[in-house]
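Accompanying notes for the structure given below.
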Amino acid sequence: MVSSLASLFARESVDQVRLREQTALEELLEQRERRVVLFGAGTLGRSALPLLGEVGAKTLAFTDNNPAIWGTRIENIPVLSPEQASTFYGSSAVFLVTIWNDHHWFSETYEKLRGLGCKLISTYAPIFWRFPDKFMQLLLLNEPPHRVYREADAVLEAEHIWADETSLEAYRANIRWRAVGDALELPSRPAENTYFPDDLFALDESERILDCGAFDGDTIREALARTKYRIEAIHAVEADTVSFTRLKEFVAHLDIDLQGRIHLYPFAVGSERGFVRFECNGALTSKASDKGVRVEVAPIDELFADTPLTFIKMDIEGAEHDALRGARKVIQRDHPILAICVYHTQSDIWRIPLLVHEMLPEHGLYLRAYEGDGFQTVMYAMPPVRLRGHSASPIGLN
């Protein structure tokens, strides 16, 4: 079990963390005379290469899990198999893992490299800390660690609101990842990837679902399958015009009765009425952007003032906190199950649970992680009457 976060914050002040951000990469490199191997030859690894050059590091090789690129060169640097890289450099270089995607678990790569004889292995976090404005935007690591320490009171408050040990350990591990770049304790590969986890609840025919970030209907498909296509209503909100078109096409192929129970909204959701520029590229990661298409924003409290809801899901690329603020009346009126993504920004992991706990103090809060290195981490707020196989109220773990 990951230890309490109080000891983590007691070890360093905000000023000491700022200093760590500037010096951690240098100290890591000095342990191997600035010799580096980059594990991951994709976008992140290629972005890291020139930044390491700025601090005098010598990148000896790339290595990668993809055998199709073994034996090639990137910027005249050889791409080796993990076995070759470990044989040549396992004891004499820092292995920096530069993989950033939802299919990668650092703990698995770490164990693989250790098994091959590598002695010094690190995440990419020290590169980001040293070059926060030059490295890629990294979602849950989108702010440097000192911001976590600056909000230590809120982080510690959120530590005490989880309803089971699994959630508490996942929360603490996520904070350590953001605060000290330690990804080893993050949850391992799950048995399922779903917004409807069987260990917490079951959908039934009376559900009235609000799907914010409906994409092309992927979550709707699963909800329909789980209820055998007998469901009272689904309300699907999607701001990306490309995805919305695909969503309409999907619904149009359902039977007429079911079409009448699925309602589509080409909006973004937020705390107040307005407009936002939105990327409309049909991707899962489309989001608000200064260069995007102008899209209407509407609060859930207005859209569903007269429409009861039993379940609200949000996967809206960092807009979840704002959207929840615009849903307070509906949430407190209906006491629905909530399934809210909490990985799109550094602070979502604590500020969203705290907001929901304040709105729904009787709900139990659960954290489940479905994809690699903190991706697709979802907070569930469960009304006691819907909880399956658990105690009727939060246990307030410490």
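The values are calculated or read from the model by the stated rules, or taken from the named source; none is laboratory data. Fair warning: this is a prediction, and the values are worked out from it, not measured in the lab. Note: ideal-geometry Cβ built from the backbone for every residue, glycine included; neighbour counts use all protein chains shown.
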| Condition met for Glu165 (buried (at least 18 other Cβ atoms within 10 Å of the Cβ), charged (D, E, K, R) and not assigned by TED's automatic domain parsing to the domain that holds Leu49) | no
| note | Scanning the range 257-277 for residues that are hydrophobic (A, V, I, L, M, F, W, C) and touching a Lys or Arg at 6+ places or on another chain (Cβ under 7 Å), the one nearest to His235 (Cα to Cα) turns out to be Leu264
| field | Yes/no for Leu186 being of a type in the set (A, V, I, L, M), touching an Asp or Glu at 6+ places or on another chain (Cβ under 8 Å) and over 17 Å from Leu51 (Cβ atoms) | value | yes
| query | How many residues does the range 229-247 contain that are assigned to a helix (DSSP H, G or I), surrounded by fewer than 21 Cβ atoms within 10 Å (Cβ to Cβ) and either small (Gly, Ala, Ser) or in contact (Cβ under 8 Å) with a residue 12 or more places away in the chain (or both)? | reply | 3
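Check the range 146-157 and report whether any residue there is in a loop (DSSP other than H, G, I, E, B), in contact (Cβ under 8 Å) with a residue 12 or more places away in the chain and buried (at least 22 other Cβ atoms within 10 Å of the Cβ).
Initially, the range 146-157 is screened for residues in a loop (DSSP other than H, G, I, E, B), giving 151.
Next, from what is left, pick out any that are in contact (Cβ under 8 Å) with a residue 12 or more places away in the chain: 151.
Pick out the ones that are also buried (at least 22 other Cβ atoms within 10 Å of the Cβ) and you get none.
Scanning the range 146-157 turns up no residue that is in a loop (DSSP other than H, G, I, E, B), in contact (Cβ under 8 Å) with a residue 12 or more places away in the chain and buried (at least 22 other Cβ atoms within 10 Å of the Cβ).
What tally of residues in the range 110-134 results from selecting those that are surrounded by fewer than 20 Cβ atoms within 10 Å (Cβ to Cβ) and outside any helix (DSSP H, G or I)? Let's see the steps before the verdict.
Here is the first cut: in the range 110-134, the residues surrounded by fewer than 20 Cβ atoms within 10 Å (Cβ to Cβ) are 110-112, 114-117, 119-120, 131-134.
Narrowing the set further to residues that are outside any helix (DSSP H, G or I) leaves 116-117, 119-120, 131-134.
Summing the residues that are surrounded by fewer than 20 Cβ atoms within 10 Å (Cβ to Cβ) and outside any helix (DSSP H, G or I) in the range 110-134 gives 8.
Yes/no per residue for (1) touching a Pro at 6+ places or on another chain (Cβ under 9 Å); (2) of a type outside the set (Gly, Ala, Ser); (3) touching a residue at least 60 places away in the same chain (Cβ under 8 Å):
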position: Pro299; (1), (2), (3): no, yes, no
position: Pro353; (1), (2), (3): no, yes, yes
position: His357; (1), (2), (3): yes, yes, yes
position: Leu367; (1), (2), (3): yes, yes, yes
position: Tyr380; (1), (2), (3): yes, yes, yes
position: Pro383; (1), (2), (3): yes, yes, no
